Amino acid sequence: MSIFSISKYLLCFLFILQLPSTGQGQQVVDPQLRDEVQNLAAVQIDGIDLFYIRGVMSYPAKLRAETIENRIYAIAGNYSINPKLVTSVNEEGRIKISVDGEFVLAVFDADGEVEGVPKEVFAELISEQLTQAIQKYRYQRSAPAIKTSLLKAFIALCILVIVLWVFNFLFKRLNNWFKRRIESKVQKIEDASFKLIQSDKLLQGFHLLYNVLRISIIVFISVGFLNYFLGLFPWTKGLSVIIIRAILDPLESFGNGLIQELPNFIVLTLIWFVTKYLLKFIRLVFLEVGREAIHLKGFDAEWAMPTFRIVRLLIIVFALVVAFPYIPGSDTNAFKGISVFLGIIFSLGSSSFIANIVAGYSMTYQGAFKHGDFIKVNEFEGFVESQTSMVTRLRSRKNEEIVIPNSVMLSSNVINYSMKAKKHDLIIYTTVGIGYETPWRQVDAMLKLAANRTEGLMKEPEPFVLKKALGDFAITYEINAYCLDETKLPQYYSLLHQHILDVFNENEVAIMTPAYMADPATAKVVAKDQWDIPLVKKE
């Protein structure tokens, strides 16, 4: 489509927008139609607008325009009709226009107001356009014109192939130049910004911009060729107009909206840029605190990343609050309704979510445990693998993953076996019930001997025995011993119990735990010669 044609459409569009301010004269049509500015329709031939008309009385503008178009097509297709013989007859407040005796349309005062002229002048303009339109219609469908159009289409196709090839060649050269000249400069920018600006991200942005520009140019060239190709033939000329309008109208709407919202986009971009690099800087500071490269008095290095996540959330929320008024459509009722709906959904479904987050940060700042500590929560025990905002993950001794919500952690008793063991020796303990007939000094000595035999338990400080209770039938003794590695507690307990059994059997002292009813006929001990009885093997 030529620039002249596009300008014509644009002028017509601007003219239509000014229709409400046109003068009002005497009309023979329904007075209500005088106020219906939108009751307009264009008479088109091969997709080209010839003139605009209004609806009259109960005759809508669109139906009237289609009727006129059908009459013009019928006249143009009848080569016996002379298009130069156009007559205008003024009768009863309207002007009837005919071509070689074939009626085409009647022009009313309301039609003349479309162009802001009397109906007589408008009728003369229509008469000239009818002659030109019919002659053009017939010429474009003639054999010489079709041959010329085919030749033009072939030449345009060859030019398109050459242009696309040259364009692709130039962009490959540009891409190679970009890799040689830009990447080194981007790397320098990353080093100068102390890696706040990442070179790979910046290169990805440039590469995306490059692809968008390349594809946009290809699409623009291809659409231009398609529009030119379709416009060469009268049967597809209307389609070319539809295509160009389908592309230009959204672009025009988008461009107007973009220009209108451009100040808001600049503010949003500035807020995004400041927020992004502020978060990068704060994260860098907290990483150094976590590595203990930066020391803050009274601030544990383990608190660095949890604190960063809190600060990051606050900064993002503040940025969103500042940016909200500048978001396109934020002042519309639909946007406000969605915001309220999301707020209600979040408030109804986030009670446990918020509780777990608060509990997680509370446990962090309480310093109840750290990564790698061996802890016990209710009946669960294991090594701390990770602690997120929502849950704490433990790994049991049997490599089972235990996931505990932070709210449960906060409301439960947590036993940390590792924290004190790193600075002080951890004590393990177990109890036995021994009858009153056995001297307590002998029991103390046997329990200490069993502890000293247990590998992994410390000799210094030496084990000690507590008398926990004087029961009805037995005394409850508790052996306490220091260990070196809290991660091997099950092994220590197993070995300690094993040596207790051996020592008490060696000294023929019966263990009364868990209950005692009466003195047995023989002592409940295992003779030494029966300690290693082989298993019965079935043949």
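None of the figures in this text is laboratory data; all of them are computed from the coordinates on show. Here the structure is a predicted model, which means the values were calculated and not measured. Because the Cβ atoms are built from the backbone with ideal geometry, glycine has one as well, and the counts that use them run over all protein chains shown.
Values computed for the structure shown
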quantity	calculated
Estimated inter-spin distance, ASN227 and LEU209, nm [label 7 Å along Cα→Cβ]	2.7
Chain lengthening between LEU258 and VAL340 when straightened (0.36 nm per residue, less Cα-Cα)	26.8 nm
Protection proxy ranking, peptides 97-110, 116-129, 310-323, average beta carbon neighbours within 10 Å, highest first	97-110, 116-129, 310-323
Estimated inter-spin distance, ASN452 and ASN507, nm [label 7 Å along Cα→Cβ]	1.2
Amide H partners (placed H, <5 Å) of VAL391, local residues excluded	ASN406
Three-way shape call for segment 257-338 based on the alpha-carbon gyration tensor, with the a/c threshold at 1.5	prolate
Under-5 Å amide H pairs with ALA41, H placed in peptide plane, nonlocal only	ILE53
Using a Förster distance of 25 Å, the FRET efficiency for GLN491-ALA445 (Cβ separation, nearest 0.05)	0.55
Förster-model FRET efficiency, 22 Å R0, ALA301 and GLU385, C-beta, rounded to 0.05	0.70
Nonlocal amide H pairs with GLY47, under 5 Å, H built at 1.01 Å	none
GLU124-LEU287 pseudo-label distance in nm [points 7 Å out on the Cα-to-Cβ vector]	8.1
